[in-house]
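For reference, the structure discussed in these notes is given below.
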Amino acid sequence: MADNPIENLRLSLMQEVLPVGIAMLERARKGGANKVVEVFTSADDPLQILRKEGEPAAQTIRERLDEISPGLGNPVVPVEIAVDTTPFQDDEEDLDYEPLMHCLGRIHQGMEELEMCLFEDCGK
């Protein structure tokens, strides 16, 4: 995705410009041009403030765009899948069954004790 300048522009518009634009429109709707100018004169980082203000509405718009076409509003990350095709080697002489059998025996014993407590009177 990083090699495609058009895709980078679209992502920048969706993630950076859209929230700021929505916040500016909302400020203009509520308080006119003075409210829009106010953030630029009173804050150290006005774009960050506007981005935070507009993010909830921008997220809603991006989700609606995704309903139209998945990945249109929110970025779709390409995924590469690799499958190991080496066959499983079943060399019985390499396998050590003793620890497995010991563990299974402990599990079996625990299950028997649990059954006794559940189905019989374990208090006696």
Using the Kyte-Doolittle scale, find the helices of the chain whose mean hydropathy is at least 0.0 and whose Cα atoms extend 30 Å or more along the helix's long axis, counting only whole DSSP H runs. 97-119
Nearest 0.05, what FRET efficiency do residue 28 and residue 65 give at R0 = 22 Å with Cβ-Cβ as r? 0.40
Could you tell me which residue out of 97, 5, 54 lies farthest along the dipole of the chain toward its positive end? Charges go on the beta carbon: Lys and Arg +1, Asp and Glu -1, centred on the Cα centre. 54
Between 49, 81, 22, where does the largest GNM mean-square fluctuation fall for the chain, given springs only between Cα atoms within less than 10 Å? 81
Relative contact order as a percentage, the chain, C-alpha pairs under 8 Å and 6+ apart, gives 21 percent
Dipole magnitude of the chain, debye to nearest 20 (Cβ charges: Lys/Arg +1, Asp/Glu -1, about Cα centre): 2040 debye
Cβ charges +1 (Lys, Arg) and -1 (Asp, Glu), total dipole of the range 5-68, debye: 260 debye
Specify which residue in the list 18, 68, 28 is farthest towards the positive end of the charge dipole of the chain, using unit charges on the beta carbon of Lys, Arg (+1) and Asp, Glu (-1), about the Cα centre. 28
Can you show me the helix-derived [θ] at 222 nm for the chain, built from DSSP H runs with n ≥ 4 at -39,500 (n - 2.57) apiece and divided by the number of residues, rounded to the nearest 500. -22000 deg cm²/dmol
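A short reminder: the numbers here are calculations on the coordinates, not readings from a lab. Because the structure is a prediction, the values reported are computed rather than measured. Positions of Cβ are backbone-derived with ideal geometry, glycine not excepted, and every protein chain shown enters the neighbour counts.
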